[in-house]
Amino acid sequence: MKKIIAFAGSSSKNSINKQLVTYVASQFENVASEILDLNDYEMPIYSSDREKESGIPQLAIAFSEKIGTADLLVISLAEHNGAYSAAFKNIFDWTSRYNNKLFQQKPMLLMATSPGPRGALGVLEMAKDRFPRHDANIVETFSLPNFQDNFDPEKGIANESLKAEMQTLVNGIVF
């Protein structure tokens with residue numbers, strides 16, 4: 001059976017990106033999905049001095065190994081001040097020190113959402129530029145604007161047009 005590894009680029013217990021990524025991962029048929037929680041990969045703040053003193057944390061190695069088990073990555077990034085959340089950036093920094101080809105050419109559905117009308121497009125564009133430098137194979141992207149208006153915790157994407165767009169993306173991804 002094919003396997004999806006999905007996660008939100010947020011450490012919030014009430015992450016809207018985690019709600020989105022969990023919903024979207026559930027839309028794929030005949031796959032096993034594993035939703036990672038960034039809180040399970042909390043490490044000291046990356047610094048080259050810390051890396052020289054202590055090496056790469058085991059959690060960075062474990063995160064890289066999880067990525068390696070995926071047939072498809074489904075990621076939804078939180079946007080903090082137009083960039084990655086500190087929690088995701090730290091995991092990204094540590095893990096890329098262990099394996100610069102962090103995303104291991106796994107097909108990726110890259111998403112973002114926010115409470116505002118831009119749907120975290122800033123961080124999505126940043127990741128679309130940066131991730132391929134770390135061996136990402138981004139096959140589709142999706143932004144969900146105005147999360148509170150367009151997402152229902154029990155039904156998923158509530159806006160019919162956006163729901164249809166997402167379903168078309170899901171149906172078109174071959175992995």
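The values are calculated or read from the model by the stated rules, or taken from the named source; none is laboratory data. Everything numeric in this text was worked out from a predicted model, so none of it was measured. All Cβ positions, glycine included, derive from the backbone under ideal geometry; neighbour counts span all protein chains shown. Only protein heavy atoms, including side chains, enter the accessible area calculation; ligands, DNA and RNA are left aside. Shrake-Rupley method; radii C 1.70, N 1.55, O 1.52, S 1.80 Å.
Things worth noting here:
- Meets criteria (without any contact (Cβ under 8 Å) to a residue 40 or more places away in the chain, at negative phi and touching an Asp or Glu at 6+ places or on another chain (Cβ under 6 Å)) for Ala158: yes
- Scanning the range 36-51 for residues that are within 12 Å of Phe7 (Cα to Cα), open to solvent by 30 Å² or more (accessible area, probe 1.4 Å) and either touching a helix residue (DSSP H, G or I) at 6+ places or on another chain (Cβ under 6 Å) or outside any loop (DSSP other than H, G, I, E, B) (or both) turns up Asn39, Asp40.
- Considered as a group, the residues in the range 52-68 that are in a helix (DSSP H, G or I), farther than 23 Å from Lys13 by Cβ and in contact with a helix residue (DSSP H, G or I) (Cβ under 6 Å, 6 or more places away or on another chain) include one that is least open to solvent (accessible area, probe 1.4 Å), and that residue is Ser64.
- Leu38 under 24 Å from Phe175 (Cα atoms) and either in contact (Cβ under 8 Å) with a residue 60 or more places away in the chain or out of contact with any Cys (no Cβ under 9 Å at 6 or more places or on another chain) (or both): no
- Looking across the range 107-153 at every residue that is without any contact (Cβ under 8 Å) to a residue 12 or more places away in the chain and more than 14 Å from Leu20 (Cβ to Cβ), the one that is most open to solvent (accessible area, probe 1.4 Å) is identified as Arg133.
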